[in-house]
Amino acid sequence: MKIQLLPSTFDQHGCASQEQRLTCFVIDDRVAVDAGSIALGLSEAQHESVRDVIVTHPHMDHMATLPIFIDDHFALLTEPVRVHATDEVVALLERDVFNWTVYPRFSQLKNEHCFVMEYIPFRPREEFRVAHLTVTAVPVNHIVPTVGLVVSDGRTTVAFSSDTAATEDFWEVVNERPDISALFIESSFPNSMGKLAEVSGHLTPEGVAAELRKLSHNHLDVLAVHLKPSYRETLVRELDALGISGLSAMEAGRAYEW
Ligand SMILES: [Zn+2]
Ligand SMILES: [Zn+2]
């Protein structure tokens with residue numbers, strides 16, 4: 001399984017910046033997990049191959065360029081862009097984003113081939129298919145309805161915490177899996193900002209360490225993501241200082257394989 005964290009921005013030489021303002025992972029060039037930078041960070045080939053997007057929650061940094069991505073491809077789509085999300089999240093996207101004011105309601109619009117966007121709702125804790133993947137979503141502890149994901153291609157299984165403060169059910173589901181190769185866990189604020197992390201539904205490196213103690217798997221890669229750009233250096237230092245083997249800050253733009 002190949003997974004990339006798409007860059008949010010590029011420097012003047014076209015190199016991916018490590019500052020992560022937007023969240024979008026791409027799995028096997030086919031499926032996006034969140035869509036913050038989907039219109040900005042995909043390769044040309046991925047622009048043609050990604051047609052499934054799982055949206056974990058409706059915060060701007062997780063869906064910012066989804067409308068732009070659909071707009072970019074509007075005339076040429078031969079199948080809809082399928083947006084997989086809980087009913088709650090679909091309702092929020094329809095109310096607040098695709099509402100004819102912020103952007104058109106693409107779920108009601110067709111080009112000459114097909115509807116350009118289709119919602120495919122899923123229920124938490126019930127396995128569902130997305131392209132070649134099976135996915136289980138589990139509600140996590142954020143300030144809006146949000147799910148973490150366990151994703152498998154039949155050989156490799158990985159887990160995404162999405163945005164969350166301390167949580168329980170997600171780890172229960174992760175621990176039920178015999179083998180997890182990689183975990184993508186958020187680490188938004190430095191340890192000195194624990195209070196803010198808690199009220200905004202996020203984790204600090206110390207919080208990450210506490211969550212990892214709930215995990216019964218050893219020997220997996222743990223990639224810290226969602227590091228707020230203003231605190232990135234401090235966060236990387238504090239994550240290193242935890243001394244947890246296999247834990248590192250995920251590099252934007254790099255293709256990881258498991
Ligand atoms: Zn969020
Ligand atoms: Zn976020």
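The values are calculated or read from the model by the stated rules, or taken from the named source; none is laboratory data. Here the structure is a predicted model, which is why all the values come from computation and not from measurement. Counting neighbours? That spans all protein chains shown, and the Cβs are built from the backbone with ideal geometry, glycine included.
Per-residue answers, yes or no, for (1) over 17 Å from the mean Cα position of the chain (by Cα); (2) β-branched (Val, Ile, Thr); (3) over 26 Å from residue 257 (Cβ atoms):
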residue	(1), (2), (3)
169	yes, no, yes
175	yes, no, no
191	yes, no, yes
195	yes, no, yes
201	no, no, yes
204	yes, yes, yes
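Do we find that residue 61 is outside any loop (DSSP other than H, G, I, E, B), in contact (Cβ under 8 Å) with a residue 12 or more places away in the chain and within 16 Å of ligand 2 (Cβ to nearest atom) in this structure?
yes
Starting from region 16-32, keep only residues that are at positive phi, then list their pairs with residues that are surrounded by 18 or more Cβ atoms within 10 Å (Cβ to Cβ) and assigned to a strand (DSSP E or B) whose Cβ atoms are within a distance under 9 Å, requiring at least 6 positions of separation or different chains.
Here the result reads 28/3; 28/133; 29/4, each pair linking region 16-32 to a residue that is surrounded by 18 or more Cβ atoms within 10 Å (Cβ to Cβ) and assigned to a strand (DSSP E or B).
Please go through region 114-170 and give me each residue that is assigned to a strand (DSSP E or B), within 16 Å of ligand 2 (Cβ to nearest atom) and either over 23 Å from residue 222 (Cα atoms) or at pLDDT below 95 (or both), ordered by number.
Residues satisfying the conditions do not exist here.
In region 180-215, which residues are within 16 Å of ligand 2 (Cβ to nearest atom) and touching a strand residue (DSSP E or B) at 6+ places or on another chain (Cβ under 8 Å)?
Listed by number, the residues that qualify are 184, 185, 186, 187, 202, 203, 208.
Scan region 121-139 for residues that are among the β-branched types (Val, Ile, Thr) and in contact with a Pro (Cβ under 7 Å, 6 or more places away or on another chain) and report the count.
1
Conditions (1) in the same structural domain as residue 143 (by TED's automatic domain parsing); (2) surrounded by fewer than 20 Cβ atoms within 10 Å (Cβ to Cβ); (3) of a type in the set (Lys, Arg), marked per residue:
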site: 72; (1), (2), (3): no, yes, no
site: 79; (1), (2), (3): no, yes, no
site: 82; (1), (2), (3): no, yes, yes
site: 87; (1), (2), (3): no, yes, no
site: 97; (1), (2), (3): no, yes, no
site: 103; (1), (2), (3): no, yes, no
site: 106; (1), (2), (3): no, no, no
site: 110; (1), (2), (3): no, yes, yes
site: 113; (1), (2), (3): no, yes, no
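Considering only residues of region 146-159 that are within 13 Å of ligand 1 (Cβ to nearest atom) and farther than 16 Å from residue 199 by Cα, which is surrounded by the most Cβ atoms within 10 Å (Cβ to Cβ)?
So, considering only residues that are within 13 Å of ligand 1 (Cβ to nearest atom) and farther than 16 Å from residue 199 by Cα, the one surrounded by the most Cβ atoms within 10 Å (Cβ to Cβ) is 148.
Looking at region 179-187, is at least one residue more than 20 Å from the chain's Cα centre (by Cα) and either assigned to a loop (DSSP other than H, G, I, E, B) or surrounded by 15 or more Cβ atoms within 10 Å (Cβ to Cβ) (or both)?
Yes, region 179-187 contains a residue that is more than 20 Å from the chain's Cα centre (by Cα) and either assigned to a loop (DSSP other than H, G, I, E, B) or surrounded by 15 or more Cβ atoms within 10 Å (Cβ to Cβ) (or both).
Just one of 94, 79 is over 21 Å from residue 147 (Cα atoms) and either of a type outside the set (Ser, Thr, Tyr) or within 16 Å of ligand 2 (Cβ to nearest atom) (or both); which is it?
The match here is 79.
Just checking, which of 34, 29 is modelled with pLDDT of 95 or more, surrounded by fewer than 21 Cβ atoms within 10 Å (Cβ to Cβ) and among the charged types (D, E, K, R)?
29
Quick one: which residue in 86, 56 is in contact with a strand residue (DSSP E or B) (Cβ under 9 Å, 6 or more places away or on another chain), within 16 Å of ligand 2 (Cβ to nearest atom) and of a type in the set (S, T, N, Q)?
On inspection, the qualifying residue turns out to be 56.
Within region 1-55, how many residues turn out to be assigned to a loop (DSSP other than H, G, I, E, B) and under 15 Å from the mean Cα position of the chain (by Cα)?
Qualifying residue count, region 1-55: 18.
Please report, ordered by residue number, the strands (runs of 3 or more DSSP E) entirely within region 196-258 with at least 1 residues that are among the β-branched types (Val, Ile, Thr) and within 11 Å of residue 185 (Cβ to Cβ).
Result: 221-225.
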